[in-house]
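Values in this text are rule-based calculations from the coordinates and carry no lab data. This one's a predicted model, so the numbers in the text were calculated from it and none came from an experiment. Note that we place each Cβ from the backbone using ideal geometry, even for glycine, and neighbour counts take in every protein chain shown.
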Amino acid sequence: IALFLAALLAPTVDQLVRPDGARDCRRAEQRRPEPRPGLPRSLADVAAFPRRYERHYLDTFGLRDVLLGWNSREQWLGLGHLPVASWESGRDGWCFYLGEESRAVHRGLLPFRPGQLDDWVRRLRERQELLAARGIRYLFVLCPNKQTIYPEFAPATWAPLGPTRMDEFAARLAAEGDVAFLDLRSALLAAKAEDGAGDRLYTPLGTHWNGRGTFAAYAAIVARLQAELPGLVPLRR
C-alpha cells in the first residue's frame with residue numbers, strides 16, 4: 001500500500017521540487033515545451049485556458065522525463081520495437097529513419113520525375129557561375145546516408161529494387177562533366193573496410209556519421225580540392 005501511494009504521489013512531489021525546465025522536452029525531444037498560460041483576461045481566454053494548460057502540463061508533468069525514458073527502454077529493450085513511428089528497427093540493434101520517404105528512396109521506388117534532374121543541373125551551374133564571377137571555386141558534395149553505407153544493418157523491408165536518386169544524380173552529373181562534384185560513397189566505403197567491433201562510421205541509433213565518418217568525408221574533400229589548390233594540407237586523424 002505504501003509503495004502504491006508513493007507511486008501515485010511521486011509525480012506531484014517531483015513537480016513541486018524540480019522546475020519545469022528540468023523535465024521538459026527541450027533537451028530530449030529537441031522542441032520547445034508549451035508555455036504555461038497566463039491568467040485569462042477575456043471570455044475567449046477563459047474558454048481556451050483548459051486546452052492551453054493541458055498542452056503545457058503534458059510537456060512538463062512530474063517525472064515526465066523519467067517515465068518516458070522507462071517507456072522507451074521497455075519498448076526497445078523488452079519488446080524489440082521503437083516507441084516512435086518515424087523510426088524502424090534494423091539488425092544488431094540499429095535503427096533507421098523512416099521520415100521523408102527514406103525507405104522508398106533507398107529501395108529505388110521514388111526515382112526523379114521528368115525535368116527534376118534538369119532543374120538540379122541548371123541550378124548547380126547557376127551557382128557555380130555566380131561564384132566563379134567572384135573568384136570562388138565551387139564543389140558540390142554528395143553525402144550518403146547511413147543505409148547506403150551500411151545496408152546490411154537495414155531491415156529486410158529496405159531491400160533495394162532499383163537505382164536510388166543518388167545513383168541517378170551522380171550519373172547525371174558525371175555525364176554533364178562541367179559541374180564540379182564529389183560523391184563521397186567510395187571514400188566512406190573504403191573507410192568502412194577499417195571498421196572494428198562497435199567501431200562504425202555512422203551512429204547505430206541516429207542518422208548521422210560519427211567522428212570517423214566525418215574525418216573520412218573531410219579527407220576525401222581535401223584530396224579532391226588539392227587538385228586545384230595544391231597548398232592545402234589535410235589534418236592527420
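Before moving on, here are some points about what is shown:
- Backbone N under 13 Å from the A22 label point (7 Å along Cα→Cβ), restricted to the stretch 47-64: 62-64
- Coupling constants for the stretch 25-34 follow from the phi torsions by the Karplus curve (6.51 cos²θ - 1.76 cosθ + 1.60, θ = phi - 60°), and in residue order they are 8, 5, 7, 7, 9, 6, 8, 7, x, 5 Hz; glycine and proline get x.
- Calculated from the structure at hand, Rg/Rh (Cα atoms, Kirkwood Rh) is found among (1) 1.10; (2) 0.95; (3) 0.99 as (1).
- Amide hydrogen neighbours beyond the local backbone of Y202, cut-off 5 Å, H modeled: N210
- Length gained on full extension, L235 to L9, computed as 0.36 nm times the residue gap minus the Cα-Cα distance: 75.8 nm.
- Label-to-label distance, R137 versus R165, with points set 7 angstrom from Cα along the beta-carbon direction: 3.0 nm.
- Under a 5 Å amide H cut-off, with hydrogens placed 1.01 Å from N, L82 pairs with S89 among residues at least 5 apart or on other chains.
- With a simple spin-label model that places each label point 7 Å from the Cα along the Cα-to-Cβ direction, the separation between L225 and D199 comes to 2.7 nm.
- Mean Kyte hydropathy of 0.0 or more with a Cα span along the axis of at least 15 Å, helices from DSSP in the chain: 2-17, 211-226
- Working from label points 7 Å from Cα in the Cα-to-Cβ sense, the L68 to L43 distance is 3.7 nm.
- Dividing the helix sum by the residues of the chain, where each DSSP H run of 4 or more adds -39500 (n - 2.57), gives a mean residue ellipticity at 222 nm of -14000 deg cm²/dmol.
- Placing unit charges on the Cβ atoms of the charged side chains and taking the dipole of the chain about its Cα centre, the candidate lying farthest along the positive direction among L58, V121, L98 is L58.
- The magnitude of the dipole of the stretch 91-196, with charges of +1 and -1 set on the Cβ of Lys/Arg and Asp/Glu and taken from the Cα centre, is near 200 debye.
- Summing Cβ point charges (Lys, Arg +1; Asp, Glu -1) relative to the Cα centre of the chain gives a dipole of roughly 480 debye.
- Signed unit charges on C-beta, dipole axis of the stretch 1-152, positive-most listed residue S42, W76, T12: S42
- Peptides 189-200, 91-102, ordered by how many other C-beta atoms sit within 10 Å of their residues on average, highest first, read 91-102, 189-200.
- For the stretch 62-101, a simple Cβ point-charge model (Lys and Arg +1, Asp and Glu -1, everything else neutral) yields a dipole of about 200 debye relative to the Cα centre.
- Amide H contacts of L142 (H built 1.01 Å from N, under 5 Å, at least 5 apart or other chain): L182, D183, L184
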